[in-house]
Structures are given as C-alpha cells and as structure tokens.
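So the structure is just underneath, and the comments pick up after that.
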C-alpha cells in the first residue's frame with residue numbers, strides 16, 4: 001500500500017468546510033420532514049379517508065423508490081416541470097425533506113397510537129378540542145416514546161446526505177472527491193471523509209442518548 005496522508009493536510013480546511021454545507025442540508029431537511037411528517041401522520045389516523053389514502057400513497061411512493069432517484073428527478077426535472085433550474089441546495093433540501101417525511105410520518109403515527117387511549121378519552125370527556133388535545137396532550141407523550149427512532153432517522157439522513165455530490169453540491173463527499181482528483185489519489189481523501197461522517201454520527205448518537213436520559217428523568 002502506498003498511502004500518503006501528509007499531502008492532504010493542506011486540503012483539510014477545504015474538506016472540513018463541507019461540514020457546514022452538510023449540516024445545513026440535514027437540519028433544513030429534518031425540519032421540513034418533521035413538520036410534514038406530523039401532518040401526514042395526522043392524516044393517517046384521522047377520520048377523513050381520502051386524506052388517509054393520500055398520505056398512505058405518498059408514503060408508499062417515497063419509501064418505495066430510491067432517494068437518489070427522487071433527488072435527480074427534483075433537480076434535473078425542474079427545468080421541464082417548472083421552466084427553470086432550481087438551485088442544487090434547494091433540490092437537496094426538498095428531496096431529503098420529502099423523503100424523510102414519509103418515514104417520520106410512520107414513526108409519529110406509531111407513537112400516537114401507542115399513547116394510552118385513556119388519555120384521549122379523558123380529554124374528550126373534559127371537552128378538550130381535538131386540535132388542542134393532539135398538540136398539548138397526545139403529541140408530547142408520543143414524542144417521548146419515539147425520540148430514539150427520530151434520532152435514528154436524523155442519523156440516517158446525515159449519512160445519506162452524501163449523495164448530494166451527484167448534483168454538484170459542495171458537501172464533505174464532493175470536496176473530498178475534488179481533492180482526490182487534484183492529487184490523483186482518492187483513497188486517502190475518501191477515508192478522511194468517512195472519518196468526518198463517523199465523528200458526526202457518533203456526536204449525534206451521544207446527543208440523542210443524553211436527550212433520552214433527560215426525558216426519562218423528567219417523567
């Protein structure tokens with residue numbers, strides 16, 4: 001093996017700048033996915049059947065097709081659909097957010113259904129409106145139960161964000177590939193990228209466990 005990491009030390013700041021790009025995409029997509037996921041989950045458990053069917057169909061499509069395909073359709077298909085090319089960053093946020101919403105909706109739906117039915121019955125007996133009951137009573141309890149699953153989805157989103165390199169976003173992976181192309185040596189910079197992703201995922205894992213412990217103590 002002929003490895004030379006020393007030659008890539010000057011390029012480390014350039015690669016590390018990709019962390020900010022990756023985190024921006026992940027955070028924005030996570031917020032979009034969580035907000036839309038709550039709406040889809042409420043559609044699925046609601047009494048209006050057509051909304052439930054729409055939510056189920058949406059989930060089926062986004063869970064049944066590759067994320068990279070969805071990303072490419074949104075980015076490369078925008079000129080035909082919208083008449084102009086949307087920004088690669090916007091395409092990445094939309095693709096990851098819409099995809100994540102499908103998974104998060106199932107997580108939230110399961111969390112809501114896991115809440116003791118007595119909570120809902122008590123709220124209804126007290127005359128609490130449905131919206132307020134869901135927002136103030138049911139959802140907070142459901143979120144406590146599904147926090148590990150939500151953190152796992154966020155971690156998965158962080159790792160899968162590497163595919164934005166296919167549409168030219170200068171994230172960690174894209175920058176590492178560019179550095180490798182300049183030096184005609186790809187193994188070292190890609191290994192560096194892998195280490196960065198690993199540290200990010202481990203950091204998120206520690207944060208998630210800390211949040212779980214805190215919420216358990218608050219019970």
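Which of the residues spanning the stretch 192-219 are touching a helix residue (DSSP H, G or I) at 6+ places or on another chain (Cβ under 8 Å), closer than 30 Å to residue 7 by Cβ and surrounded by fewer than 17 Cβ atoms within 10 Å (Cβ to Cβ)?
201
Given the conditions (1) in a helix (DSSP H, G or I); (2) touching a helix residue (DSSP H, G or I) at 6+ places or on another chain (Cβ under 7 Å); (3) surrounded by fewer than 20 Cβ atoms within 10 Å (Cβ to Cβ), which single one is not true for residue 189?
Residue 189 satisfies every listed condition except (3).
List the helices (runs of 4 or more DSSP H) that sit entirely inside the stretch 108-162 and contain at least 2 residues that are under 23 Å from the mean Cα position of the chain (by Cα).
139-160
All of the numbers you see were taken from the coordinates with simple rules; none came from a lab. Here the structure is a predicted model, which is why all the values come from computation and not from measurement. Here the Cβ is made from the backbone with ideal geometry for all residues, glycine too, and neighbour counts use every protein chain on show.
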